[in-house]
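The values are calculated or read from the model by the stated rules, or taken from the named source; none is laboratory data. Worth saying up front: this structure is predicted, and the values here are computed from it rather than measured. Note: ideal-geometry Cβ built from the backbone for every residue, glycine included; neighbour counts use all protein chains shown. Calculation scope for accessible area: heavy atoms of the full protein, side chains included, ligands and nucleic acids excluded. Shrake-Rupley method; radii C 1.70, N 1.55, O 1.52, S 1.80 Å.
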Amino acid sequence: MLFNMSVPQLPVADWVEALTQWLTTTLSGLFGFIQTIGQGLMNGITNYLTWINPFVMIAIVVIGAFFISGRKFGLAAFSLIGLLFVENQGAWNDLMSTFTLILVSSLLAVIIGIPLGIWSSKSNGAQAIITPILDFMQTMPGFVYLIPAVAFFGIGVVPGVFASVIFALPPTVRMTNLGIRQVPGELVEASESFGSTASQRLFKLDLPLAKNTIMAGVNQTVMLSLSMVVISSMIGAPGLGRGILSSVQRAQVGSGFVNGLSIVILAIIIDRYTQGLNRIMSENIADEAIRQSKKRNRLIGVIIALVALVGGFITQTVVASQSGTTSKGNITLAYFEMDDAVATTNVAAQILRDAGYNVDATPLDNSVMWQAVANKQADALLAGWLPLTHKAQYEKFKDQLDLLGANYEGAQLGLVVPSYMNVNSIDDLKNQANKTIVTNEPGSGATAATKSVIDQYANLKDNGWKIESSSTGAMAVSLGQAIKNHKEIIISGWTPHWIFGEYDVKFLQDPKKGFGDSETINTFARQGLKDDKPEAYNILKQFKWDDKAINEVMLAIRGGKSPQDAAKDWISKNKDKVDGWINSSK
């Protein structure tokens, strides 16, 4: 009977939600302070790294690699070739942003992890408490850490560091604990017999002997921080991860490979550097020749640092002399990686740049995009589908947003099939395509609408039709492969989208109006933008385009152009219209 008892479901999700909300409200001042300081610090580091001429930085890394590897050319040659490749591919600034994220998150993880490891090694009770917490931190999927990170710190690199530190901390703690516990008992007894204090034993015996093990943990922490780069890009962290995420969403294999290879190059250099530093620290410094070599290496390090400062100063001076314009302020446009949103946001961003603003177009997850603008962490979004697709997000945040109006009319959402399939309506569906509808991201409005449609149509619900969620890019690739092989496929598609220009596809009729009528894509601004930057507000309010214009930009991006270049090309072809928007907004 015990096993048949009905046990009510524990509201764990509600408890966690309530706790997160309480922490966000109660500690909002602290979180805001950390966000401001952290963002300023990391922007400063990134700005300095990009301030230095890339070739000067490459020279520094190559020279350092030569000496760290024991005056061998292998690592130096790899660093030279690898970093020149990254610079050649135009990914240098993203590489520096990624390095900043890894540097800060790794340092924080080490600063927190080593003391925790020491405490754990000295106390069995502490180890019993810390170990299961580390197990939890290390096995929880990294995506989960993004949820409280956004709630506490908003969007950007700070929540990315927060999530990375939690995910990357355990190896340093575990290896510090292990290394100290493996110190031979005979040496411990000898130190105690000579009257060593606890601190003397720690700093002169335990840590020196455990150093190799601790450094192995530090190395793993750095690698785990690097593995969070792509995940962190989903909440606005800049860097190479953002390029990979965009490539996945837009099914651009080449761009994804370049950004991925750049991360591999960075990972190998960092890994070899940490191993080399560990080797140098392990050398016997009693030897006079080695001591003199270390002095020379320190001198070389000072010279390299001076070269970096001078090179950075020269670069900054040149850039400043070439820049004669004064910015009207900073604007952040949030968007999610749907093709129409990419095109619209990048064109709007370039128009604002032409009007004199510094604009950052930040790709985010759909729900995070709405939250960022509502919480004033971003200034505007131009990808709000109404009245159906983004109804849930609009209802949640509408009191915190300014609706500027539609920038595109006639958008449509529905089930899309190749024209060769002998179906014209959702009512006609029986067992086509293995009773499967391919959709984009699980949390998207299109996927939610498709689930609702399956429930509304008896021929789908009663016959076991299911959804196969993927990503926008993967869905488009699946469609292309199916058409190439003349196979059946059904996707949740929408217009505007480049697939209607590249493939012969059609919408299925929707008699029950499960996907609603045609929709509008709307521009939303944070409250206060109208007062803070009225010209930018008015430009965004006036920005509107039609099916021909947006498809032109989407197909250009699909054809291999960067979103920024495609936007510039469209603006140059429509200069009179764009100038009219800018001039009438002043």
At a Förster distance of 51 Å, what's the computed FRET efficiency of Q400 paired with A190, Cβ-Cβ distance as r, to 0.05? 0.15
Hey, any idea what % of region 357-405's accessible area is carbon plus sulfur with a 1.4 Å probe? 44 percent
Please compute one quarter of the surface area of the Cα convex hull for region 1-132 and express it in square nanometres. 15.9 nm²
Extension gain, I268 back to Y503 (0.36 nm per residue minus Cα-Cα distance, nm): 80.5 nm
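Just need the Rg to Rh number for region 420-525, please, alpha carbons only, Kirkwood Rh. Let's see the in-between values first.
Values: Rg = 13.7 Å, Rh = 14.5 Å.
On the Cα set of region 420-525, Rg over Rh gives 0.94.
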Amide H contacts under 5 Å for Q412, placed H, 5+ residues apart: T495, E519
Just to be sure I understand: if I project the alpha-carbon convex hull of the chain onto a plane and average over all orientations, what area do I get in nm²? 35.1 nm²
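Report the full-extension gain for the segment A458 to R279: residue separation times 0.36 nm, less the Cα-Cα distance, to one decimal in nm.
Details: separation 179, 0.36 × 179 = 64.44 nm, distance 6.84 nm.
Between A458 and R279, full extension yields 57.6 nm more.
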Once label points are set 7 Å from the Cα along Cα→Cβ at both K204 and K430, what is their separation, rounded to one decimal in nm? 8.8 nm
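List the residue ranges in the chain for DSSP H helices whose C-alpha atoms run 24 angstrom or more along the long axis and whose Kyte-Doolittle average is -0.5 or above. Let's see the in-between values first.
On the way: long enough: 28-51 (33 Å, 0.47); 92-122 (44 Å, 1.28); 157-181 (36 Å, 1.14); 207-227 (29 Å, 0.77); 253-282 (43 Å, 0.95); 288-322 (51 Å, 0.63).
Helix filter hits for the chain: 28-51, 92-122, 157-181, 207-227, 253-282, 288-322.
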Between T197 and V144, what FRET efficiency follows from the Cβ-Cβ distance if R0 is 56 Å, with the result rounded to 0.05? 0.85
Given Cβ charges of +1 for Lys and Arg and -1 for Asp and Glu, the option among W494, T345, M175 whose Cα lies farthest towards the positive end of the dipole of the chain is M175
Modelling each spin label as a point 7 Å along the Cα-to-Cβ direction, I'd like the K544/D579 distance in nm, to one decimal. 2.2 nm
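Please figure out what share of the DSSP beta bridges in region 412-507 is antiparallel and state it in percent, rounded to the nearest 5. Display every interim value, and only then the final one.
Working: 8 of 13 bridges.
Percent antiparallel among DSSP bridges in region 412-507 is about 60.
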Quick check: net charge around K204, other residues with Cβ under 13 Å of its Cβ, Lys/Arg +1 and Asp/Glu -1? 0
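Would you work out what percent of the accessible area of region 27-297, with all protein chains in place, is carbon or sulfur (probe 1.4 Å)? Provide the component values of the computation, followed by the final result.
Values: 8820 of 12540 Å².
Answer for region 27-297: carbon and sulfur cover 70 percent of the accessible area.
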Could you pull the accessible area for L108 with a 1.4 Å probe, rounded to 10 Å²? 80 Å²
How many angstrom separate the Cα center of region 484-559 from the Cα center of region 71-123? 40 Å
Full-stretch length increase - D135, T24 - with 0.36 nm per residue and alpha-carbon distance subtracted: 37.4 nm
Averaged per residue, what accessible surface does the chain expose to a 1.4 Å probe, in Å²? 48 Å²
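From the Cα gyration tensor of region 27-297, with a ≥ b ≥ c the square roots of its eigenvalues, which class applies: rounded if a/c is under 1.5, or else prolate if a/b is larger than b/c, or else oblate?
Numbers: a/c = 2.23, a/b = 1.27, b/c = 1.75.
Oblate shape, in that a/c is at least 1.5 and b/c is the bigger or equal ratio.
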Tally the DSSP beta bridges in the chain and give the antiparallel ones as a percent, rounded to 5. 60 percent
Each label sits 7 Å from Cα toward the beta-carbon; between K376 and F257 the label points are separated, in nm, by 4.7 nm
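Quick check for me: using +1 on Lys/Arg Cβ and -1 on Asp/Glu Cβ, what's the dipole size of the chain about its Cα centre, in debye to the nearest 20? Before the final figure, lay out each step's value.
On the way: 46 positive and 46 negative charges, 281 e Å.
With Lys and Arg at +1 and Asp and Glu at -1, about 1340 debye.
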In deg cm²/dmol, rounded to 500, what helix-only [θ] at 222 nm does the chain give when every DSSP H run of at least 4 residues adds -39500 (n - 2.57) and the total is split over its residues? -20500 deg cm²/dmol
